[in-house]
Amino acid sequence: MFDNSEDIVVHYDEIMAELASGDVANDQNRFRKLMKEQSDLAPLVETYGEYKKAKQLQVDALEMLEEEHKEDSTADAEAQVENSDEVEEETEVSESAKAETEPSENASDNGEKKQITTEEELDEEIYRRIALKHVERQRKKHRKKHYFLRFVVLLCIGTGVFLFLKSNYFNIKSFSVEGNSYYTDAEVISMAKAKKGVNLIFDAGLSDIKKNLKGNPYFEDIYVKRSLPDKLIISVKERRQTAAIVYGESFVVIDEDGTVLRKATVDPQVTLLTGLTISKMNIGEKVEVEESDALKMTLRMLSAMNKGDLFFKKIDVSKVLIRAYIYDTLSVKGTPKELMQTIQRGELQKVVNNLFNDKINRGTIKVGGSDYMSFTPEIDA
């Protein structure tokens, strides 16, 4: 824009020097011409002088920014790269602003004055854009600092929470056992190897507790849970003792599915099953007998017995027609299926109650098909 301005300034200085010499006063035409030319050029020269001052201020500002960024770069290599980019961006801003505001070469005199005004606006635009770029960079730096600060705060909070959860406040102080009937609370806790004084959240060892209890066939399902801040709850679902197969001088206790729960040497106080030949017996597994069909039907009948509020002291399954003893001297005779159906209908219970009311505790109740039942006071062989 001011490519020939320096020449104009030089010419203006020459005019001022000639006017100052005093020789031109002898030539009035020359004097008037120089005065008019001086008057026309004076605003341009003055404005150009202001422009040069503004440009120098711009250069000084950029140098200050560069010095500031150079100082930062000595402490941080990443800042050095950023400062280099900043200088390039400012140069691009300056050139871009000039390109947007540069007038055409064929401008009139009025246009030249307008060019001068536009040049002032150009400098303002350059400073404005540089300032905006600087502000944006500062915002990015602040955002990075904020992100780092947030990370540090979250890390401190997380560490504090972790240390709090690891504190003695969450150490196990008590146990609660639910669902147990065969074993006492103390026995369950002992078998589980659960310990007081360890951290409930991190060191309770829930999987180990379940594993320890799973080794006992009486426990069908096991649930272990925490109760903050210091209680451990062990909930179990026990297999129920349903019958005991007489096995020589001992008893093999089984549940309603035939799973072996234990081997006892004394009467386990459940329904005794005689007449069965055990072929395989392992604790925690289903017992295998040669009379497998008879055992299945007898277990189904025992399930109906438990639901029907009836108890058989002993069942002999050695024959096709089984004999179920209510007392040692009062028994029921029939197939397992017929006895089960009679119990499910509640008919056998009614007969037994009538005998009890009549104080009859000796004899044989025979059960047949088509709802047939009979009673004889003799113990039928």
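Every number here is computed from the coordinates shown, using simple stated rules; none is lab data. Note that the coordinates shown come from a computational prediction; the quantities given were computed from them, not determined experimentally. Using ideal geometry, Cβ is built from the backbone for each residue, glycine included, and neighbour counts are taken over all protein chains shown.
A few comments on the model shown:
- DSSP bridge orientation in segment 173-307 - percent antiparallel, rounded to nearest 5: 70 percent
- Footprinting exposure proxy ranking of I234, I283, I157, fewest other C-beta atoms within 10 angstrom first, gives I157, I283, I234.
- Rough spin-label spacing in nm, given labels placed 7 Å along Cα→Cβ, for L155 and E136: 3.1 nm
- Linear extension gain, S190 paired with D230, 0.36 nm per residue minus alpha-carbon span: 12.6 nm
- The label-point distance for N199 and N26, in a model that sets each label 7 Å from Cα toward Cβ, rounds to 10.9 nm.
- R0 of 22 Å, Cβ-Cβ distance V351-R300: FRET efficiency to nearest 0.05: 0.60
- Virtual spin-label span in nm between K307 and D328, 7 Å along Cα→Cβ: 3.3 nm
- Too-long pairs where the Cα-Cα distance tops 21 Å, listed order kept, from K286/K366; K307/K337; K193/K280: K286/K366; K193/K280
- The residues V152, V253, V351, when put in order of fewest to most other Cβ atoms within 10 Å, stand as V152, V351, V253.
- In Hz, Karplus ³J(HN,Hα) per residue of segment 253-270 (6.51, -1.76, 1.60; θ = phi - 60°; x = Gly, Pro): 7, 10, 9, 5, 9, x, 6, 6, 9, 5, 10, 10, 9, 10, 4, x, 6, 10
- When only Cα pairs below 8 angstrom with a gap of at least 6 residues are kept, segment 169-238 shows a relative contact order of 44 percent.
- DSSP bridge orientation in segment 243-376 - percent antiparallel, rounded to nearest 5: 70 percent
- Estimated vicinal HN-Hα couplings, Hz - segment 179-189 in sequence order (Karplus 6.51, -1.76, 1.60; Gly, Pro = x): x, 8, 9, 6, 9, 7, 4, 5, 5, 5, 5
- Cα shape, segment 169-238, gyration tensor, a/c 1.5 rule: prolate
- Gain on full stretching of the segment that runs from L165 to M281 - 0.36 nm per residue minus C-alpha separation: 37.0 nm
- Between K263 and N361, the C-beta separation translates, for a Förster distance of 35 Å, into a calculated FRET efficiency of about 0.60.
- Between N171 and L200, the built amide H atoms are under 5 Å apart, and every one of these is 5 or more places off in sequence or on another chain.
- Beta bridges by DSSP in segment 169-238, antiparallel share as percent, to the nearest 5: 65 percent
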